[in-house]
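S.K.: The structure under discussion is supplied below as structure tokens; questions concerning it will follow.
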Amino acid sequence: MTDYIEKAKNIYKNQGPGMLAKKSLRFTRTKLLEVVAPALIHRGYKELWEEYSFVSNPIFQINSKDFEASKKATARKLTGKIKTANWLVPNFDHIKFGGIYTIFRFIEKMSIEGVTNRIIIYDKPSFDLSKLQAQIEENFPNLKNYEFIIFDHANQDVNELPECDIAICSFWVSAYILLKFNKTKRKYYFIQDYEPLFYAGGSTYALAESTYRFGFRAIVNTPGLLAAVNQRHGMEGISFIPAVDRKIYYPDPKKDNKRVRIFFYARPNNPRNAFNLGIDIIKQLIDKYGDKIEVITAGATWNESIYGLDKKITNLGLIKSLEEVGELYRHCDIGFVYMLSKHPSYQPFEFMASGMATVTNNNEDNLWMLKHEENCLLSEPSAAAMAEQVGRLIEDKDLRNKITKTAEKALSYTWLQQTDMIWNDIANN
């Protein structure tokens, strides 16, 4: 069998899975089992090996001594003002996208309060800092006293990081670094989603979930997510409500589309956004409403022709700036999005602020904000169920307008309020 596996591996390597499938048509059933099946097995083991290579990384090797040392370090009293903070942040492409933008809002707030912030990029030794200065000056003009530190966790000791008053981890991997970093008196976990659900239940899931039991105080994006980590893991902390930048996201009172314009947040590589269900919904809507609607997608690059949607939708892929996103949303009537983890994502907030009637899936962790038939329509995740709710908004303009107006009134939070609240919690506890 070893020879067959090697033969299959060579075919797979040289000709790829598509060509291998074509060649297999000329094989007898015996040859198919001998050559094709081992190749597919090899492909499956490749994924297993990649996960093994990841989870066996020394960064994840922790034991009872690490927990005892961490608990001892944070038992020390922090007297006087907070002067220094270490932020463990994953590498990023642009400061204005995703959760990194939110993190920098709080870094800027601490800077205003006189804290020196060390922004530690822990997962990319080759991270390019050259463009960041201009991005910070443009987007965070009040962020002054800070420095970037490139930390190679695979080749550097955690004790090489500078001592600080407080330390904050972000993405779950960084929690393992923070557990072993004890040159601080307080440890915080900046949580922006239930990250174990980014993975199938297995080894990586287990390592991610474990971080909520490390004993750090949580700073959590949304009350629903805080409730989830508290009820499931006993984690204590404080939550904030993400505000919407009303300079970017606001309605167009003159909007009058000839066709009902529908937007879908399409990210095929993020399972929590249920891309395949969204595509099924789009097809059902096109079949039922035809030229009465116009469908637009954005969020990531993908090929619509593979799904039989070539020339039937407008696929914008990954939009380069938030200003362009705001412009798009203002000119859409309905937005639908899936969120299958314990955070609603920013899209419903931004849809509502931009004058779009919003449809999303039922998710008990998000009901603190999303109210069916008040500020949005909620649906079971079935494509037919979701298409039904979108269809209600297509057919009933009065319902669309009612939900849109109610939703916009609910968005009364500001980033100034939220960052003040979090800072007061940190400074006074």
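A short reminder: the numbers here are calculations on the coordinates, not readings from a lab. Computed from a predicted structure; not experimentally measured. Note that each Cβ is placed from the backbone with ideal geometry, even for glycine, and that neighbours are counted across all protein chains shown.
S.K.: Counting DSSP beta bridges with both partners in the chain, what percentage is antiparallel, nearest 5?
M.R.: Counting DSSP beta bridges with both partners in the chain, the antiparallel share is about 0 percent.
S.K.: If I stretch the segment between residue 138 and residue 233 completely, what's the gain in nm (0.36 nm per residue apart, minus their alpha carbon distance), one decimal?
M.R.: Fully extending the segment from residue 138 to residue 233 adds 30.3 nm.
S.K.: Also: Once you order the gyration tensor axes a ≥ b ≥ c over the Cα atoms, which shape class does the range 316-359 get: rounded for a/c under 1.5, otherwise prolate or oblate by comparing a/b with b/c?
M.R.: Verdict is oblate for the range 316-359.
S.K.: How large is ³J(HN,Hα) for each residue in the range 106-115, as worked out from phi by the Karplus curve 6.51 cos²θ - 1.76 cosθ + 1.60 (θ = phi - 60°), to whole Hz, x for Gly and Pro?
M.R.: 6, 5, 4, 4, 5, 4, 4, 7, x, 8
S.K.: For the chain, what is the charge dipole size about the Cα centre, in debye to the nearest 20, if Lys and Arg each add +1 at the Cβ and Asp and Glu each add -1 at the Cβ?
M.R.: Here the chain has a charge dipole of around 380 debye.
S.K.: Residue 235's amide H: which non-local residues (gap 5+, or another chain) put their own amide H closer than 5 Å, with H modeled 1.01 Å from N in plane and none for Pro or chain starts?
M.R.: Amide H neighbours of residue 235, under 5 Å, 5+ apart: 230.
S.K.: Now for a separate question. List the GluC sites (Glu not before Pro) within the range 366-424 that fall in a DSSP loop (any state other than H, G, I, E or B) and whose Cβ has at most 13 other Cβ atoms within 10 Å.
M.R.: Answer in residue order: 373, 374.
S.K.: If I stretch the segment between residue 382 and residue 327 completely, what's the gain in nm (0.36 nm per residue apart, minus their alpha carbon distance), one decimal?
M.R.: 16.8 nm
S.K.: Among all lysine pairs in the range 237-310 that are eight or more places apart or on different chains, how many have alpha carbons less than 23 angstrom apart?
M.R.: So the count of such lysine pairs works out to 7.
S.K.: Right, another one. From Cα pairs below 8 angstrom and at least 6 apart in sequence, can you work out the relative contact order of the range 146-229, rounded to a whole percent?
M.R.: The normalised contact order for the range 146-229 reaches 26 percent.
S.K.: Okay, moving on. Which whole-Hz couplings ³J(HN,Hα) result when phi for each residue of the range 81-92 is put into the Karplus expression 6.51 cos²θ - 1.76 cosθ + 1.60, θ = phi - 60°, listed in order with x for Gly and Pro?
M.R.: For the range 81-92, the Karplus curve yields 6, 6, 9, 9, 9, 9, 10, 8, 10, x, 4, 8 Hz.
S.K.: Moving on. Under a crude label model (7 Å from the Cα following the beta-carbon direction), how far is residue 183 from residue 410 in nanometres?
M.R.: 4.7 nm
S.K.: For the range 66-173, which semi-axes, largest first and in whole Å, follow from the square roots of 5 times the eigenvalues of its Cα gyration tensor?
M.R.: Semi-axes from the Cα gyration tensor: 24, 19, 12 Å.
S.K.: Can you list the HN-Hα couplings for the range 418-429, worked out from phi with the Karplus curve (6.51, -1.76, 1.60; θ = phi - 60°), rounded to whole Hz and with x for Gly and Pro?
M.R.: With the stated coefficients, the range 418-429 comes to 5, 5, 4, 4, 5, 4, 4, 5, 5, 6, 10, 10 Hz.
S.K.: Using modelled backbone amide H atoms (1.01 Å from N, in-plane), which distant-in-sequence or interchain residues come within less than 5 Å of residue 376's amide H?
M.R.: Residues meeting the amide H criterion: 371.
S.K.: What aspartates and glutamates sit close enough to residue 405 to cross-link, taking a C-alpha to C-alpha distance under 14 Å and skipping anything fewer than 8 places away on the same chain?
M.R.: Reachable aspartates and glutamates: 252, 333, 350, 373, 374.
S.K.: Helix-only mean residue ellipticity at 222 nm, the chain, DSSP H runs n ≥ 4 weighted -39,500 (n - 2.57), per residue, nearest 500. What is it?
M.R.: Value at 222 nm, helices only: -12500 deg cm²/dmol.
S.K.: Still on this model: Is the shape of the range 49-88 rounded, prolate or oblate, going by the alpha carbon gyration tensor and its root eigenvalues a ≥ b ≥ c, with a/c under 1.5 for rounded and a/b larger than b/c for prolate?
M.R.: In terms of gyration-tensor shape, oblate.
S.K.: If packing is taken as the mean number of other Cβ atoms within 10 Å per residue, what is the order of 169-176, 364-371, highest first?
M.R.: Ranked by mean Cβ neighbours within 10 Å, highest first: 169-176, 364-371.
S.K.: Next up: Taking amide H positions as placed 1.01 Å from N in the peptide plane, with prolines and chain starts having none, which residues 5 or more places from residue 168, or on another chain, fall under 5 Å of its amide H?
M.R.: The list, which skips near neighbours in sequence, is 86, 87, 88, 188.
S.K.: What is the order of 404, 74, fewest Cβ neighbours within 10 Å to most?
M.R.: 74, 404
S.K.: Can you tell me, using C-alpha contacts under 8 Å and at least 6 residues apart, the relative contact order of the chain as a whole percent?
M.R.: The normalised contact order for the chain reaches 12 percent.
S.K.: Decide, for the range 253-394, between rounded, prolate and oblate: order the square roots of the alpha carbon gyration tensor eigenvalues as a ≥ b ≥ c, take rounded if a/c falls under 1.5, and otherwise choose prolate if a/b is larger than b/c, else oblate.
M.R.: Here the range 253-394 falls in the rounded category.
S.K.: Beta carbons within 10 angstrom, averaged per residue: use that to sort the peptides 242-250, 278-286, highest first.
M.R.: 278-286, 242-250
S.K.: Follow-up. Can you give me the Kirkwood hydrodynamic radius for the chain, using every pair of distinct Cα atoms, in Å to one decimal?
M.R.: After inverting the pairwise mean of 1/r, the radius is 24.2 Å.
S.K.: Where in the range 272-289 does the label zone of residue 200 land, with the point 7 angstrom along Cα→C-beta and an amide N cut-off under 19 Å?
M.R.: 272-277
S.K.: Contact order normalised by length for the range 273-429, with contacts defined as Cα pairs under 8 Å and 6 or more residues apart; what percent is it?
M.R.: For the range 273-429, the relative contact order is 20 percent.
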